[in-house]
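Values in this text are rule-based calculations from the coordinates and carry no lab data. None of the values given here were measured: they were computed from a predicted structure. Here the Cβ is made from the backbone with ideal geometry for all residues, glycine too, and neighbour counts use every protein chain on show.
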Amino acid sequence: MIKKEMIAMLLAGGQGSRLGVLTQKVAKPAVSFGGKYRIIDFPLSNCINSGVDTVGVLTQYQPLRLNAHIGIGIPWDLDRNVGGVALLAPYESAKGSDWYSGTANAIFQNIEFIDTYNPDYVLILSGDHIYKMDYEVMLDYHKANKADVTIAVMPVPMEEASRFGIMITDETNRIVDFEEKPAHPRSNLASMGIYIFSWPVLREALMKLKDVPNCDFGMHVIPDCRDTGKRLFAYEFNGYWKDVGTLSSYWEANMELIDIIPEFNLYEEYWRIFTKSDIIPPQYISEKSHIERSIIGEGTEIYGTVVNSVIGSGVTIEEGAEVRDSIIMRESVIGAGTKITKAIVAEDVKIGKNCELGIGEFKESTYNKKVYNSDLVTIGEHTVIPDGVKVGKNTAIWGNTEAADYPDGMLQSGDAIVKAGV
Amino acid sequence: MRAVGIVLAGGNSKRMKELSNKRAIAAMPIAGSYRSIDFALSNMTNSRIQKVAVFTQYNSRSLNEHLSSSKWWDFGRKQGGMYVFTPTITAQSNDWYRGTADALYQNLTFLKNCHEPYVVIAAGDGVYKLDYNKVLEYHIEKKADITVVCRDAAAGEDVTRFGVVELNEDGRITQFDEKPMVAESNVYSCGIYVVRRRLLIELIERCAAEDRYDFVRDILVRYKSLKRIYAYKMEGYWSNIASVESYYKTNMDFLDKDIRNFFFREHPEIYTKVDDLPPAKYNPGANVKNSLVSSGCIINGAVENSVLFKKVYVGNNCVIKNSIILNDVYIGDNTVIENCIVESRDTIRANTTYIGKPDDVKIVIEKNERYTI
């Protein structure tokens, strides 16, 4: 008989619309991170390092890259005879078909999958956080408290607490109340979106709430558990944890990796982060190059200058090019003489020669103020940028652009060119 | 593919000096990320050979670690797969492999049980890309009994450490001198052979009956007039790494853009065991020129015209020039290394200097205590 003590359900179906053109064709968990990884590598590696060998990955939005990346789970040792990784997309049933309408609804639609493994506990994870965490320790805590639900929380500065879901606990860490983005927070313990449920408790709640539209953990399941008197505990986590949901937090989290001894250290011997490594060769650094404070992925060839940047695998930075404070994802080419400051360049982008990106002054976005609100130049995947153009700050470019798309050879700060996928 | 592959990876060479103390030649690290045997294995898989036998003997532990899974080269298949044959004591024999032909003889059941009509035999110490199908086509076209992959020596190249062959106008080998004192010809063998499987079994059995053990001396040389042995001329890059000088040069060759593109960026790819190391990191003080740097490296000093293998740590104010630093080496601050090959897992103290000569590179082996940070 199949029996797993705890299985993980990893929510990876969201678009991550606040990442703008980076997630137009790819789900947020599949976005590159830290030179050679993708965001989902962090929770997946945490799972296997914690001894959780059965993971259901719930996909919905643009799953192709995610499917290709995860495959049968070989890079994470999640190719198992029993369990391993399973990609769970919404499916049609005799009664009809539904998309996953909310986080809890996605789990509800996969109750049968969970039942197959007959687990005592179910770990709910999001596919968009950067952290290293031992879920086994959290499970021990859950058991020691005889909890029904354990929610991982981290202390945040009081003045920032109103941006988070805040847990109010008693002296035994039992959660007595919680509030979503409170104006006047009563505590500084922010929910990290990581839950351990005793499966019978979660199953019962999901069945009970199955007709609630857009059924969500934070909005419906957790309040219901509180109202029915379940034992909810807060598990305090004090390590590095970063939500990379916005362009500036995504950029910052990447930049933190290049500190001399980064708070989030990828070089530690244990708790390795695994990923699908399909580019193997070493990187080549030429005679005329200059590199300072950067991390660089495999197979990349650098002939120019790279300062304070995170460069992915298989990238080419041509002679005389200068990349500063930027993220360049895999297999992109930066043309000779091009200067790039504070940009996020997605995968397989071709930037022509003698361009200047990230110049001028910040201007409010004319395209989408909610998403684009910093100095960053954001370039979507497979974009082509012609030779010699200038691009201002707080801009977005996506698609095969030509010289004619740049009036007077310039994209002004705050503007955007989106030619692909519309 | 109509052939089964054999990789001969059991050898040792005095010419490798201390570098072979702890590993087989086929396990020598190459070009930052690879091992020598990856080239033969990748050529096999890229030639769609599905069944490969690897013969190991000398320091086989080093290779077994690398070959712990066949999935990296896509050999983990239901039909075919990778077989590793290390000498074992059996009811019939308690001998080591006394030669390449003996290695095949001791595992003849493997060859007998195959159904593929041909065998491709390759050495594990060559760095090259070759589609063995092309050799096989040539072999069939020439109605050859054995085809030997050969090359024309470049001007000034010393070929006396190879098998030197003379050919007639049809490409048939008329003379074969193994490691001659003086080379009579400028065509030499790359140690890659195609032969019909049944013929190979016959030759190996006859060899064994006569107490002969070496494939080159006892088959190629002895049968050169009796059997139709042809030379297939290989173009493109090929290098044998079985001496310190050629090992050093082969690694340095990868600093050449064309050679790098040929192996790293052109189809088909070379595969190797993946180590899951983070990207290389350049801290303030790093100054890298014309070098290869592999994943997991952390650089704080100057590196020039060098090849850094995986997980090398270069301390502050170090100067590393014209050197090869093998896997997992820690180099303390203010150290100078020039014209050296630094053995893997070395720990080099701060403030030390190692200088070799351009024509006589120094092999550095330092097993100091390492304090992990």
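Evaluated at q = 0.07, 0.09, 0.12, 0.14 Å⁻¹, the base-10 log of the normalised Debye intensity for chain A, with identical point scatterers placed on the Cα atoms, takes the values -0.36, -0.59, -1.00, -1.26. For the protein assembly as shown, the dipole from Cβ point charges (+1 on Lys and Arg, -1 on Asp and Glu) about the Cα centre works out to 1680 debye, to the nearest 20.
Of B:300, B:283, B:317, the residue with the greatest mean-square motion in the GNM of chain B, using alpha carbon springs below 10 Å, is B:283. Based on alpha-carbon atoms, the Kirkwood radius and the radius of gyration of the stretch A:361-406 give Rg/Rh equal to 0.96. With a simple spin-label model that places each label point 7 Å from the Cα along the Cα-to-Cβ direction, the separation between residue A:419 and residue A:210 comes to 5.0 nm. Per the Debye formula on identical point scatterers at the alpha carbon atoms of the stretch A:337-422, with no solvent, log10 I(q)/I(0) at q = 0.11, 0.16, 0.21 Å⁻¹ is -0.23, -0.51, -0.91. Just B:12, B:316, B:351 to compare: in a GNM of chain B, with alpha carbon springs under 10 Å, which one fluctuates most? Its mean-square fluctuation being the largest, the pick is B:351. Springs between alpha-carbon pairs under 10 angstrom, Gaussian network model over chain A: which of A:75, A:213, A:185 fluctuates most? So, out of A:75, A:213, A:185, the one fluctuating most is A:213. Largest first and in whole Å, the equivalent-ellipsoid semi-axes of the stretch A:250-319 read 22, 16, 10, each the square root of five times a Cα gyration tensor eigenvalue. Kirkwood's formula applied to the C-alpha pairs of the stretch B:164-272 gives a hydrodynamic radius of 16.6 angstrom.
A Cβ-based charge dipole, computed about the Cα centre of the stretch B:1-153 with Lys and Arg at +1 and Asp and Glu at -1, lands at about 200 debye.
A crude spin-label estimate for the pair residue A:5 and residue B:370, with each label 7 Å from Cα along the Cβ direction, gives 3.3 nm. Note on the stretch B:51-116 and the stretch A:346-408: Cα centroid distance 56 Å, given to the nearest whole angstrom.
For the residues of A:31-43, the average number of beta carbons from a partner chain within 10 Å of their own beta carbon is 1. Over the Cα atoms of the stretch A:113-262, the radius of gyration divided by the Kirkwood radius equals 0.98; this is the Rg/Rh ratio.
Which order do the peptides B:165-176, B:182-193 take when ranked by the mean count of other beta-carbon atoms within 10 Å per residue, highest first? Display every interim value, and only then the final one.
Numbers: B:165-176: 15.9, B:182-193: 19.0.
My ranking of the peptides, most packed first, is B:182-193, B:165-176.
Since only A:312, B:130, A:388 are under comparison, the one whose Cα sits farthest along the positive direction of the charge dipole of the protein assembly as shown, derived from C-beta charges on Lys, Arg, Asp and Glu, is B:130.
Listed from fewest to most Cβ neighbours within 10 Å, the set A:331, B:304, A:236, A:269 follows the order A:269, A:236, B:304, A:331. Of the chymotrypsin sites (Phe, Trp or Tyr not before Pro) found in the stretch A:28-132, those that fall in a DSSP loop while having at most 16 other beta-carbon atoms within 10 Å are A:91, A:99.
Neighbour counts of other Cβ atoms within 10 Å put A:249, A:126 in the fewest-to-most order A:249, A:126. Pairwise Cα separations in the protein assembly as shown fall into 10 Å bins from 0 onward with the following percentages, short to long: 2, 12, 19, 20, 19, 15, 8, 3, 1, 0. Using only Cα atoms and rounding to the nearest 10 degrees, what angle (0 to 90) does helix A:247-256 make with the longest principal axis of chain A? Once rounded, one gets 80 degrees. Relative to the dominant Cα principal axis of chain B, helix B:197-209 is inclined by about 90°. Peptide A:297-304 shows a mean partner chain C-beta count of 4 within 10 Å per residue C-beta. Pairs with C-alpha atoms separated by more than 21 Å, drawn from the list A:342/B:310; A:3/B:78; A:353/A:390, are A:342/B:310; A:3/B:78.
Pull out the extension gain between residue B:90 and residue B:154, defined as 0.36 nm times the separation in residues minus the alpha carbon to alpha carbon distance; nm, one decimal.
Numbers: separation 64, 0.36 × 64 = 23.04 nm, distance 4.59 nm.
In short, 18.4 nm is gained.
In the calculated pair distance distribution of chain B, what percentage of Cα-Cα distances lie above 36 Å? Value for chain B: 25 percent of Cα pairs lie more than 36 Å apart. For the stretch B:13-98, the orientation-averaged shadow of the C-alpha convex hull comes to 7.1 nm² (one quarter of the hull surface). If a paramagnetic tag sat 7 Å from the Cα of residue A:361 along the Cα-Cβ line, which residues of the stretch A:374-410 would have the backbone N under 14 Å from that point? Under cut-off, by backbone N: A:393.
Placing +1 on the Cβ of each Lys and Arg and -1 on the Cβ of each Asp and Glu in the stretch A:130-282, which of A:212, A:175, A:250 has its Cα farthest towards the positive end of the resulting dipole? Value: A:212. So if I average 1/r over every pair of distinct C-alpha atoms in the stretch B:47-182 and take the inverse, what Kirkwood radius in Å does that give? Here the Kirkwood hydrodynamic radius works out to 17.7 Å. Here's the list of lysines a cross-link from residue B:227 could span, going by alpha-carbon distance under 27 Å and ignoring same-chain residues fewer than 8 apart: B:51, B:112, B:134, B:142, B:143, B:179.
The distance from the alpha carbon centre of the stretch B:249-264 to that of the stretch A:36-56 is 36 Å, rounded to a whole number. Each part gets one Cα centre, and for the stretch B:174-213 versus the stretch A:103-182 those centres are 68 Å apart. Remark: mean inter-chain Cβ contacts per residue of A:286-294 equal 6, using a 10 Å Cβ-Cβ cutoff to other protein chain atoms.
When +1 charges are put on Lys and Arg Cβ atoms and -1 charges on Asp and Glu Cβ atoms, the dipole computed for the stretch B:245-373 relative to its Cα centre reaches about 260 debye. Once the C-beta distance of residue A:81 and residue B:113 is scaled by a Förster radius of 30 Å, the resulting FRET efficiency is 0.60 to the nearest 0.05.
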